[in-house]
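The values are calculated or read from the model by the stated rules, or taken from the named source; none is laboratory data. Bear in mind the structure is a predicted one, so any value in this text is a computation, not a measurement. Here the Cβ is made from the backbone with ideal geometry for all residues, glycine too, and neighbour counts use every protein chain on show.
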Amino acid sequence: MTTVPTKVSSLRPKIGSIPLCILTSCYILVFCNNTFWQKVTDYLGSGSGPLWALYLAMLALFVAAITPFSTKYLIKPFLIFLVVVAAVASHFTDTFGVVIDSDMIRNAMETTPAEAQHLITSDFLTHVAIFGIVPSLLIVWTKVDHRTFMRKFFWNLIAILASLAIFGICGVTYSREYTAAVRERRDISKSFNPVTPIVSTARYFLDAGKEASIVVQSVGVDATVKSPEPPINKPRVTVIVAGETARAENFSLGGYQRETNPRLKVANVVYFPNTMSCGTATATSIPCMFSRFTRSDFTHAKAMANETLVDVLAHAGIDVAWFDNNTGSKGVADRIKYVDLANSKDPRFCQQGECLDGIFLDKLDDWLDHVKGDSVLVLHQLGSHGPAYYLRYPEHQGKFFPDCRTPELGKCQVGEIINAYDNSILYTDYFLATVIDHLKARSGKIATGLIYMSDHGESLGEKGLYLHGTPYLFAPSQQTHVPFLTWFDDDFTKSMDLDTSCLRKEATAPTSHDNLFHSVLGMMNVETSVYEQKLDVFAKCRSGNS
């Protein structure tokens, strides 16, 4: 009996390892770097000599970098890894305009499944299948023709040297144009796939490894509370609301044409219209806001190595607690009472693994009812976190329609996205005003104050950008200009010896996240060596300092 040989193997295309590296490089450069080439073309000009030379130079550089990995058992897994990473990264880069730097990797590592589900959409899966899985299967199917070791070493060396020579010639020829582009448009190189996400991931894990051995240093152990004069015979309570993804541009308190703050407008708050954030993502901004470091001095490692505002308050004998409806305190509340509300199952507020910020209100009442001395409570909002803005407010409380009701922003008109976002700001207005009402209701028993500051802003399509997390160096104002406001009842105002008319005038001056640490210490009359009066926004309007 004779066996008919299969012809399947003869159908498999055969290719050398170097040509396969070149083809894969071409694929990644052309199909997974749309944003990169758009930015380059905008700067260098369509069809220009520097543009065509850059295509050739980047291809040559890619080939030079990949060719050393073209050994028999490594080449396919390595090329598939590059293709899949480039496909995943290009979806977020092309769809939202985000830059996948080490801060963005930190955000991804610290996110929750509920938050991640809004990004793992059908569009994302389709994109990865077409641009990642299909070419990977082709790489698997292709039969690679390998040379003997010495011949491979020789030809690989020739390919690498030739590629580097081409890269060098192109670079030298148009060095002036490329140097100017890198200097003036630093966002260009940051959008190059898959180099940026791979390098950023490696940098994140290196930093995380170093931070794992950090021992937290005490801060403000000398803190004490100075008694108000005249004395206030009741506990003094501050509620700090750490906002999420609220941008000042969409706060009507700051001049936005739409009325997104109708309740706060009549709540006698003081609004600071010129406030800048420390970062453009929660993982950076929250630790920075609550640290004693200014943005210019701040690093994530410093934040990990030093106690925070809430620790200093605790050292002063103030009762401190943190209620969270977000992705955690980012280490800020590690040494105080911490309550995670994000996983609550209350059907009034929670669905799809997330809760509206109204989940805080019952817990706030209970906490206020048990206040016995000077206290500070931090409420970390979910706020306006995207891309599922429509889940940040009850539909019946929205007033801007039609609103985008999907996390796949590409399926909505820009106006619909803005409507959904503005409705989320409107809900924050309701939430803050309701917190103030709850504080007012207890003014007979406690002196109360509130301070609200958002962690960062949000892009809603301006300059092709969506969401947040753009490196601060070239982040747009929509991501760095944030809302900041305060409210005090009469007794709290007296306890601070504060002139509110003066504060309203001073509120127009530039402020930032640098001010939160020292301003809260000032609010609570805390004296400590780490307090800096010049960074306390209330200092100029307290009678003792005027």
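Brief remarks on what is shown
- Some residue of the stretch 35-42 being assigned by TED's automatic domain parsing to the domain that holds P194, more than 33 Å from the chain's Cα centre (by Cα) and not hydrophobic (A, V, I, L, M, F, W, C): no
- Of all residues in the stretch 447-483, those satisfying the criterion of being part of a strand (DSSP E or B) and over 15 Å from S384 (Cβ atoms) are A447, T448, G449, L450, I451.
- Within the stretch 522-545, the set of residues being part of a helix (DSSP H, G or I), under 32 Å from the mean Cα position of the chain (by Cα) and either of a type in the set (V, I, T) or under 21 Å from P228 (Cβ atoms) (or both) comprises G522, M523, Q533, A539.
- Put simply, of S519, S501, S495 the only residue that is touching a Lys or Arg at 6+ places or on another chain (Cβ under 7 Å) and assigned to a helix (DSSP H, G or I) is S495.
- Screening the candidates V312, V270, V332 for the property of being surrounded by fewer than 23 Cβ atoms within 10 Å (Cβ to Cβ) and either touching a Phe, Trp or Tyr at 6+ places or on another chain (Cβ under 7 Å) or closer than 21 Å to L450 by Cβ (or both) yields one hit, V270.
- All conditions but one from (1) under 29 Å from the mean Cα position of the chain (by Cα); (2) outside any helix (DSSP H, G or I); (3) surrounded by fewer than 21 Cβ atoms within 10 Å (Cβ to Cβ) apply to G444; the one that does not is (1).
- Of all residues in the stretch 136-151, none are within 30 Å of A301 (Cβ to Cβ) and of a type outside the set (A, V, I, L, M, F, W, C).
- Those residues of the stretch 92-128 which are assigned to a helix (DSSP H, G or I), free of Cβ contacts under 8 Å to residues at least 40 places away in the same chain and closer than 19 Å to K411 by Cα, in sequence order: F92, A116, F124, L125, T126
- Residues within the stretch 248-271 that are in contact (Cβ under 8 Å) with a residue 12 or more places away in the chain, assigned to a loop (DSSP other than H, G, I, E, B) and not charged (D, E, K, R), tallied: 8
- Residues of the stretch 438-460 classified as hydroxyl-bearing (S, T, Y) and under 19 Å from F290 (Cβ atoms), total: 2
- Single match in P476, P483 (criterion: in contact with a strand residue (DSSP E or B) (Cβ under 9 Å, 6 or more places away or on another chain) and surrounded by fewer than 21 Cβ atoms within 10 Å (Cβ to Cβ)): P476
- Enumeration of residues in the stretch 281-291 that are touching an Asp or Glu at 6+ places or on another chain (Cβ under 8 Å) and either not in a helix (DSSP H, G or I) or not polar (S, T, N, Q) (or both): A281, A283, I286, M289
- Residues that are of a type in the set (A, V, I, L, M) and modelled with pLDDT of 90 or more number at least 2 in the following helices (runs of 4 or more DSSP H) confined to the stretch 151-219: 195-211.
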